[in-house]
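Worksheet for the structure shown next.
Just so you know, all these numbers are worked out from the coordinates, no wet-lab data involved. Everything numeric here is computed off the predicted structure, so don't read it as measured data. Using ideal geometry, Cβ is built from the backbone for each residue, glycine included, and neighbour counts are taken over all protein chains shown.
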Amino acid sequence: MDLPTLWFWIIAGLFIGYFVLDGFDFGVGMSLPFLGRDEADRRVLINTIGPVWDLNETWLIVAGACLFAAFPEWYATLFSGFYLALLLILLALIARGVSFEYRHQRPESQWKSWFDGMIIVGSAVPALLWGVAFANIVQGVPLDEGHNYTGTLIDLLNPYALLGGLTTLLLFFTHGVVFVSLKTTDEMRVRARNLAVRSGLITIVVAALFLIWTAVIAEFAFMYLVLATLAALALIGSWFLNRAGSEGWSFALGAATIAFAVLALFTALFPDVMPASNDPANSLTIANASSSTYTLTVMSWTALVFLPLILAYQGWTYWIFRKRVTRAHIEVAQH
Amino acid sequence: MNDWLDPLLLSRWQFGLTTIYHFLFVPITIGMSLTAAVYQTAWYRTGKVHYLQLTRFFGSLFLINFAMGVVTGIVQEFQFGMNWSTYSRFVGDVFGAPLALEGLLAFFLEATFIGLWIFGWDKLPRGMHLATIWVVSIGSILSAYFIIAANAFMQNPVGYELNEARGRAELTDIWALLTNKVALAAFPHTIFASFMVAAGLIITVAAWHLARHQNLVTMRPALKFGLWMMVGSGILTTLSGDQLGLAMVQTQPMKMAAAEALYDTATGADASFSIFTWGTPDGSSELFSIRIPYLLSFLSTHTLTGTVEGINDLQAQYTQLYGPGDYTPVIWITYWAFRWMIGLGLLHVIVAVVGLWLTRKGRMPKNKWIWRAAIWSFPLSLAAMIMGWIFTEMGRQPWIVFSLLKTQDAVSPNVTGLEVLISLIAFTVIYGILAVVEFKLIKRAAQKGPAPAPEPDAESGEIKPLTTVY
């Protein structure tokens, strides 16, 4: 495998990290109106991700920076082309990120419900739009000879992309709700499990439609079909395990679903990185979008040394905060 | 196309505004994480509870702004691609690498260990918990190094080669990129200036409480700490600023000429530094100025007989080298930003020295005007920092990468003025609202003062800090 191809898969890996981790953050945020019946409930929910949301979100920053460094043309085309969609994602991430910190600064319930609203919207918007963005990348968008996107925001909101957005929205929602049941006790744990059973069914139907539609775009390529099938099986397995009350395994299979789905999408893309829908000659490919061999060599050594280290200390962090969050724990602690 | 819908102009405004805004939070993170680490170490070594109170107190002020630093930082990274795609295509091979290194080596450390520090008080052994805040501090300083190395490439491109076939700059030497002489000087300058901002925050908060004769046990040592930190980091900021000045003269002489509004090349005594100019500093209508002879020569070359190139000569040189065009930055901005940066910075060192004298051997000044003046320490040190960035970035114009690419050629060709206007308005509105909320929350937490020291455990006599949750 040449270096650009290696980095194509490393980028896929970084986005898997981002979607698996921030995915359940988004799900927990979106679950507030469904699971947060009172203030103690809502604080329990927010505290399930309290110590980790920031490191989860950092996966996006690193994925973006590595995309810039390894595939400058891909980064430039994608970010300038999807300008308004990314603006919405940024505004949502800003509103959501500050809300975690601001929410508990004042006791008034009006103040708290204001930031609850920002957490809910700030979680739902990126959960939807990341799916829209990736579906458009896979489907292809109009590009000129300079690889600049020539469409508009409305062109991005086509039926296939919206189905992709709905898929990530539901997938992250269910993934987050299963995480809640994994991280809480008693009544909250049961309610979260039941909610995930219901939302999981809808997720399975929508995700299946999306994977089938993508199969048509990928021209039923063998590797795509294998990965999409694995994603589907993992999702169904996750649903059964959750219903059986085995939250840990259900959550692990939820993460596997996201990983296989991202791999399937990248397989569908390969060897393009941004296919041009108007003229294949304008497509961005792994070869014409990537950085020089020297840059990729430097990056590869850095990733080789530091990614295992990063995974180790982040895994350790999750281990430190492995205990379930309870209402009692919230009530005795200070803000 | 309407002039006010010019995507270039709007993108420049957006990048400038969002960068300045982001950088309000960066020095606080860099300086206050170190402060919290120092206080927690003091508590760890001495067991004195007021150190623990100060750790938690300044830690809480730093945490209110930390989330803002993170989320506004994502905007910065995205904007290179969103608004400056031509720039990204041209330099991504070089410029992307330090950003990726920053993410992999620094951001992950910061983001992971800050969570451990905030929520780990009751979950980690004391020594390990202390280590987490040091890791956060080191991570924030490391991230500054990589982003400054990236910025230094824009000021003084090194370690690259132009690939004509692909029409882009390609990295040839990562070590040269990371040891760019502009980066080596700008990094300590930025870090020490960040410590000045943190010192300013500590002085402001401590002075507010001491003026009201409250929280004396914690705020008196905090004031001393802040004053010493201001003096120490102020001196180091000055020394590193001097080095940065030398590097700037060697790599971007036009920026130094623009800093001084020096139109004609001057030598020795004529290379004077104007402290203040009345009139327009465009050289045509100077009515009154206070000048220090030789100083500009000294700052630029470290000799009294040096020659400092003027704007007119440099303009002629650059026209020959790079073709016809205007190669001068906006002079009034660079001239005044440079002065305000230096003026406010030096003022802080002087005020801090006076403060140390007034509070020597436990004295507390009675004069309320002294306290009122001290309150301005934080906003003015932050202003000095911002002036420095405005100077260094506006002084780089018209280039986005000096000698390689002009700002006007770097903007995304397919992003319309209307789109940029929408995003500019959106960022302005949300940043504006959050600035008000943020300021009120920090002010409220600062005025509340440190929480009372936790009671020692009945059995062991040890102090267990409380669990923290959102």
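Data for the structure
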{"quantity": "Cleavage-rule hits (trypsin sites (Lys or Arg not before Pro)) in the stretch B:328-412: DSSP loop, at most 10 neighbouring Cβ within 10 angstrom", "calculated": "B:363, B:366"}
{"quantity": "Rg/Rh (Cα only; Kirkwood hydrodynamic radius) as it applies to the stretch B:277-414", "calculated": "1.10"}
{"quantity": "When the convex hull of its Cα atoms is projected in every direction, mean area for the stretch B:1-90 (nm²)", "calculated": "7.5"}
{"quantity": "Whole-percent pair-distance distribution, where bins are 20 Å wide, for the alpha carbons of the stretch A:3-332", "calculated": "32, 57, 11, 0"}
{"quantity": "Principal-axis tilt of helix A:53-70 within chain A, Cα atoms, nearest 10 degrees", "calculated": "10"}
{"quantity": "Cα-based Kirkwood hydrodynamic radius, the stretch B:334-470, one decimal, Å", "calculated": "20.6"}
{"quantity": "Kyte-Doolittle at least 0.0, axis length at least 24 Å by Cα - qualifying DSSP helices, chain B", "calculated": "B:7-46, B:49-83, B:126-155, B:181-211, B:216-251, B:331-358, B:377-394, B:417-448"}
{"quantity": "Computed E for residue A:158/residue A:186 - FRET, C-beta separation, R0 35 angstrom, nearest 0.05", "calculated": "0.20"}
{"quantity": "Volume of the Cα convex hull of the protein assembly as shown, divided per residue and given in Å³", "calculated": "166"}
{"quantity": "The protein assembly as shown - charge dipole about Cα centre, Lys and Arg +1 at Cβ, Asp and Glu -1, debye rounded to 20", "calculated": "3740"}
{"quantity": "Cross-link reach list, lysines versus residue A:323, counting only Cα pairs under 22 Å and skipping chain neighbours closer than eight places", "calculated": "A:183, B:123, B:464"}
{"quantity": "Shielding score for B:165-177, defined as the mean number of other chain Cβ atoms within 10 Å", "calculated": "3"}
{"quantity": "Length-normalised contact order of the stretch B:295-347 in % [C-alpha pairs under 8 Å, at least 6 apart]", "calculated": "17"}
{"quantity": "Cα centroid of the stretch B:385-438 to Cα centroid of the stretch B:89-164, whole Å", "calculated": "22"}
{"quantity": "Acute angle (nearest 10 degrees) that the helix A:83-103 long axis makes with the longest principal axis of chain A, alpha-carbon atoms", "calculated": "20"}
{"quantity": "For the stretch B:88-174, alpha-carbon Rg relative to the globular expectation (2.2 N^0.38 Å, N residues)", "calculated": "1.47"}
{"quantity": "Which of B:265, B:392 has the fewest Cβ neighbours within 10 Å, and the rest in rising order", "calculated": "B:265, B:392"}
{"quantity": "Expected 222 nm ellipticity per residue - DSSP helices of 4 or more, -39500 (n - 2.57), all of chain B, to 500", "calculated": "-23500 deg cm²/dmol"}
{"quantity": "Amide H contacts of residue B:289 (H built 1.01 Å from N, under 5 Å, at least 5 apart or other chain)", "calculated": "B:278"}
{"quantity": "Chain B - Rg and Dmax from Cα coordinates, angstrom", "calculated": "23.9, 81"}
{"quantity": "Shielding of A:86-95 by partner chains, average beta-carbon count, 10 Å", "calculated": "6"}
{"quantity": "Calculated log₁₀ intensity ratio I(q)/I(0) where the Debye formula runs over C-alpha points of the stretch A:5-94, q = 0.19 Å⁻¹", "calculated": "-0.93"}
{"quantity": "Positive-end extreme of charge dipole, the stretch B:73-218 - chosen from B:208, B:147, B:132 (charges on Cβ)", "calculated": "B:208"}
{"quantity": "Shielding score for A:295-302, defined as the mean number of other chain Cβ atoms within 10 Å", "calculated": "5"}
{"quantity": "Lys/Arg +1, Asp/Glu -1 at C-beta; the stretch A:236-335 dipole; positive extreme among A:267, A:314, A:280", "calculated": "A:314"}
{"quantity": "The stretch B:173-232, relative contact order in percent, only Cα pairs under 8 angstrom and at least six apart counted", "calculated": "35"}
{"quantity": "Sequence ranges B:293-305, A:17-29, ranked by mean other-Cβ count within 10 angstrom, highest first", "calculated": "A:17-29, B:293-305"}
{"quantity": "Nearest 10 degrees, 0 to 90: helix A:39-49 Cα axis against chain A principal axis", "calculated": "40"}
{"quantity": "Rh by Kirkwood over Cα pairs, then Stokes-Einstein D for the stretch A:222-293 at 0.692 mPa s and 37 °C, µm²/s", "calculated": "235"}
{"quantity": "Taking the convex hull of Cα positions in the stretch A:67-210, its mean projected area over all directions (nm²)", "calculated": "11.0"}
{"quantity": "Pairs beyond 19 Å (Cα-Cα), from B:181/B:255; B:224/B:443; B:366/B:448; B:366/B:443; A:112/B:440", "calculated": "B:224/B:443; B:366/B:448; B:366/B:443"}
